[in-house]
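*Asks:* Let me begin by handing over the structure; questions about it come next.
The values are calculated or read from the model by the stated rules, or taken from the named source; none is laboratory data. Remember, predicted model here, so these are calculated numbers, not experimental data. Virtual Cβ from ideal backbone geometry, glycine too; neighbours counted across all protein chains shown. To get the accessible areas, we keep the full protein, side chains included, count just its heavy atoms, and leave off ligands, DNA and RNA. Shrake-Rupley method; radii C 1.70, N 1.55, O 1.52, S 1.80 Å.
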Amino acid sequence: MRPSRAAVTVGSAALAAALLLSACSSGTTTGAQDANEKVTLTVDLFGTFGFKEAGLYDEYMKLHPNITIKQSDTQDEGQYWQALQTKLAGGGGLADVQGLEVGRIASVMQKQADKFTDLKTLGAGDVNDGLVPWKAAAVKTADGKVLGAGTDIGPEAVCFRTDLFKEAGLPTDRAELAAKWATWDGYLALGKEYVAKAKPGNAWTDSAAGMFTAEVGQQKVRYADESGKAVHDSSPAVKTAWADATRLVADGLSAKLPQWTPEWNKAFSTGKFATLSCPAWMIGYIKGQAGDAFAGKWDIAAGPGKTGNWGGAYLAVPRTAKHPKQAAELIKWLNGKEQQVKLFTKQGSFPSSTGAQGEIKSVKDAYFNNAPIGEIFSEAAANMPAQVLGTEDGVVGKAFTDALGEVERTNTAPATAWQHALDNVKKASGN
Amino acid sequence: MATLATPLRAAARPRRGARLAPYGFLAPFFVLFAAFGLFPLLYTAYVSLHRVELQTADRMDWLGLQNYTRLFEDPFFWNALRNTFTIGLLSTVPQLLLALGLAHLLNYRLRGRTFFRVAMLMPYATSVAAATLVFAQLFGRDYGLINWALNTVGLSPVDWQANTWASQFGVSLIVTWRWTGYNALIYLAGMQSIPQELYESAAVDGASRWQQFRHITLPGLRPTIVFTVVVSTIGATQLFGEPLLYEGNSGGGISHQYQTLGLYLYEQGWTFFHLGRAAAVAWVMFLLIVVLALVNAAIAARRNRTDR
């Protein structure tokens, strides 16, 4: 059937009108209306960043009534990373803002720099000004692009359950405990004492993996050296941490709970473990998992070595973001000094901004028995080494923590498990 | 020739359109098959001959057969193959035996027969994800229902996720739970095509129900059983969802103790981002399934021949 002449006329008129209209609207939006355009910003994160919990999104939306923020969240960073890689390869399904863990940042910078937008081009090139130098340096490319905003860092301490300590007749004074576990040897020795007196089934700590990660995080060189060469099989940091973590298992101090699993989450509100290696961001995680019923039962003290870094994150804007400009504005604001202070006060995520670090020294946390978290974490952060980041950090870390899981859960001999870890790294590598 | 053909054509020469019509009706299938079946298959083969990484997917380096040779040197591949086999046996055998028994029971005139038949299909209608998540909770080491039950009768708890056999059993149980009803219904359909008179006359001759089952039902069901064995074998070779969700990671347990070939493929491709290697695994799996299907068919054909 051929279209009648009338239909053709009407059709083309409509088309022309539509073209005109769209031309008009695109002409006007470049002007003042732009700022009021309704925009939904999507933010995709892992673990607990705490922006939502600390009320920062609400505040931002109040300041910018045209913007709505929607956050999605995966607890396990490993799963998050996997999904992110698939989306980056396909180019679809990415949020306006994507979180990146510090262990992955070297990989992103070397392999996928072209998948993220240079924040300079979005008017946020200064987003990392005032951060601790290594944090900012890790997301700056050789040709000067800024690919992400550094959020928190992870100075380490030890969280513990005062009620369980009392039951077992252990001291609960923070200074006294910090002195007793000034070294990892001291930490293991006190653990033995605890297990001897505590109820059967109550372990000293959640997992060998937690302790291993904390201990490895205290050294400058972990899995790769400054030249980028893999040294995970020979670096003293890994070897000592491995030896200590397997000793923890041999002494029966581990609750054998794989971290980031439902079983682990449940154990925050049971007496399954009494201590936990606690990077600053873990505070928010504990509050979320243990809930209000455990307020005042948890406490925190300076950990072995009073130093170390575990984790910390970045926020980046993928190339395919729908609203890159607004996304950059959001992360710049979230990363501002005042917001970092607020985030630490409410959620415990430790600021990477030196200015914010100066302001949080006196912060105490009511949930943790009014522990001086500002003081404890500031001291750990001050002694923190500028960690060397390798492209395979995430993969290597998982291989070792999995192998420790074998030691504690399947009675695999430590030497065999060590070999499994090396095999797994090899399997994951490109060759 | 021409003289012979001409009258024939003249008599029943279909119009050109009508002659082409069957091809037209068949075309959608072949077009879809070419687009979504054949092309991916060939493209996967092409990819499997290259080094391709998900993070730099636009770059392909020619490797020849290296992905394959490397695969056969990888102990994790053999481990996955072995696991696929043991989990396949652990799930397929009980599944089909149970299905057969259930179908036999359902074939009797039971009260509320329809209810039972629908109930049988419920697990199959449940999504893998939902079922596996529930089972993973039940199998939890510290707070799982199964260990709690073991504990109340005085048995020591089992680590259903870290222990090799326990974890393989756990995964198999989910598969069995999901597919037993499905197979039972297929068997039931097969049983209903067996003439009722055979049972009646056997009953008159004094055959017990077990004898009826062995001498009438089983021989009558043979083609159906072959069909379910083939389908289940293919399903077992491709097992993926249950082990993936059992602990929620692609490694198949901390020691890869229940990592199947499907999971191994996924891990290569989407955890380690080696797309070329994943493609090689996919092709090996494809060939494996073809071989298994041929073996199954050969066995079936042979049994049929010896019957006659």
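*Asks:* Treating the angle as unsigned and between 0 and 90°, give the value, to the nearest 10°, between the Cα long axis of helix A:324-334 and the longest Cα principal axis of chain A.
*Replies:* Once rounded, the angle reads 30 degrees.
*Asks:* At q = 0.10, 0.20 Å⁻¹, what is the base-10 log of I(q)/I(0) for region A:314-410 according to the Debye formula with one equal point scatterer per Cα and no solvent? Please give it to two decimals.
*Replies:* So the normalised log intensities are -0.46, -1.00.
*Asks:* Still on this model: How far apart, in nm, are the 7 Å Cα→Cβ label points at B:Ala45 and A:Ala293?
*Replies:* Between B:Ala45 and A:Ala293, the simple spin-label model gives 6.0 nm.
*Asks:* Quick one: accessible surface of A:Glu375, probe radius 1.4 Å, all protein chains present, in square angstrom to the nearest 10.
*Replies:* Its accessible surface works out to 110 Å², give or take rounding.
*Asks:* Once R0 is set to 45 Å, what does the formula 1/(1 + (r/R0)^6) return for the Cβ-Cβ distance between A:Glu37 and B:Ala130, expressed as a FRET efficiency to the nearest 0.05?
*Replies:* After rounding to 0.05, the efficiency reads 0.65.
*Asks:* Tell me, Kirkwood radius of region B:146-187 from alpha-carbon pair distances, in Å?
*Replies:* Hydrodynamic radius (Kirkwood, Cα pairs) of region B:146-187 is 11.9 Å.
*Asks:* Would you mind getting the Kirkwood hydrodynamic radius of region B:63-165 from its Cα pairs, rounded to one decimal in Å?
*Replies:* So the Kirkwood estimate lands at 17.8 Å.
*Asks:* Something else about it: Kindly state, to the nearest 0.05, the FRET efficiency for B:Val290 paired with A:Ser72, given R0 = 35 Å and r defined as their beta-carbon distance.
*Replies:* My answer for the efficiency is 0.30.
*Asks:* Can I ask one more? Can you sort A:Arg247, B:Arg19 by solvent-accessible area, 1.4 Å probe, largest first?
*Replies:* B:Arg19, A:Arg247
*Asks:* State log₁₀ I(q)/I(0) for region A:155-214 at q = 0.12, 0.13, 0.22, 0.26 Å⁻¹ as given by the Debye formula over alpha-carbon point scatterers of equal weight, solvent excluded.
*Replies:* Rounded to two decimals, the profile gives -0.27, -0.32, -0.96, -1.33.
*Asks:* Leaving out ligands, DNA and RNA but keeping every protein chain, what accessible area does A:Ser349 have, in Å² rounded to the nearest 10, with a 1.4 Å probe?
*Replies:* A:Ser349 exposes around 10 Å² with every protein chain in place.
*Asks:* Compute the normalised compactness of region B:77-307: alpha-carbon radius of gyration over 2.2 N^0.38 Å, N being the residue count.
*Replies:* 1.17
*Asks:* Roughly what angle does helix A:393-410 make with the longest principal axis of chain A, taking Cα atoms, 0 to 90 degrees, to the nearest 10?
*Replies:* Once rounded, the angle reads 40 degrees.
*Asks:* Just the Cα atoms of chain A: what Rg and Dmax do they give in Å?
*Replies:* 24.7, 95
*Asks:* Normalise the Cα radius of gyration of region B:1-141 by 2.2 N^0.38 Å (N = residues in it) and let me know the number.
*Replies:* 1.89
*Asks:* Could you put A:Lys197, A:Lys342 in order of accessible surface area, largest first, with the 1.4 Å probe and the full protein assembly present?
*Replies:* Solvent-accessible surface, decreasing: A:Lys197, A:Lys342.
*Asks:* Quick one: ranking B:Phe85, B:Phe286 by accessible area, 1.4 Å probe, largest first, what do you get?
*Replies:* B:Phe85, B:Phe286
*Asks:* Return the ratio Rg/(2.2 N^0.38 Å) for region A:195-254, where Rg is computed over Cα atoms only.
*Replies:* Here the Cα radius of gyration is 1.36 times the empirical estimate.
*Asks:* Could you work out, for region A:115-223, what percent of all Cα-Cα pairs fall into each 5 Å distance bin, beginning at 0 Å and stopping at the bin that holds the largest distance?
*Replies:* Computed distribution, short to long bins: 2, 9, 16, 15, 11, 9, 9, 8, 8, 7, 4, 2, 0.
*Asks:* Hey, which aspartates and glutamates would be in cross-link range of A:Lys229, C-alpha to C-alpha under 15 Å, not counting anything within fewer than 8 residues on its own chain?
*Replies:* Once the sequence-local aspartates and glutamates are set aside, what remains near A:Lys229 is A:Glu392, A:Asp393.
*Asks:* How far apart, in nanometres, would the label points at A:Glu226 and A:Asp251 be if each is projected 7 angstrom from Cα along the Cα-to-Cβ direction?
*Replies:* Roughly 3.5 nm, to one decimal.
*Asks:* Still on this structure, I have one more. When the gyration tensor of region A:281-365 is built from Cα positions, what are the square roots of 5 times its three eigenvalues, in whole Å, from largest to smallest?
*Replies:* For region A:281-365, the ellipsoid semi-axes come out as 28, 16, 13 Å.
*Asks:* To continue, here is another question. Determine how many Å³ per residue the convex hull of the Cα atoms of the protein assembly as shown encloses.
*Replies:* 275 Å³
*Asks:* Shifting gears a bit: What distance in nm separates the simple spin-label points at A:Asp129 and B:Leu145, each placed 7 Å from Cα in the Cβ direction?
*Replies:* So the two model labels end up 6.0 nm from each other.
*Asks:* Considering protein heavy atoms only and a 1.4 Å probe radius, which residues within region A:397-429 exhibit an accessible-area decrease of no less than 30 Å² in the full assembly relative to the chain by itself?
*Replies:* Residues passing the criterion (a loss of at least 30 Å², heavy atoms only) are A:Asp402, A:Glu406, A:Arg409, A:Thr410, A:Asn424, A:Lys427, A:Ala428.
*Asks:* Another question, then. Listed here are the pairs A:Lys52/A:Lys306; A:Lys306/A:Lys361; A:Lys180/A:Lys306; A:Lys220/A:Lys256; A:Lys287/A:Lys342; which of them are more than 24 Å apart at the Cα?
*Replies:* As for pairs spanning more than 24 Å Cα to Cα, those are A:Lys52/A:Lys306; A:Lys220/A:Lys256.
*Asks:* Would you please give the FRET efficiency between A:Ala386 and B:Phe227, computed as 1/(1 + (r/R0)^6) with r the Cβ-Cβ distance and R0 = 51 Å, to the nearest 0.05?
*Replies:* 0.20
*Asks:* What does the charge count near A:Ser277 come to, summing +1 for each Lys or Arg and -1 for each Asp or Glu among other residues with Cβ under 10 Å from its Cβ?
*Replies:* Overall, the nearby charge balance is -3.
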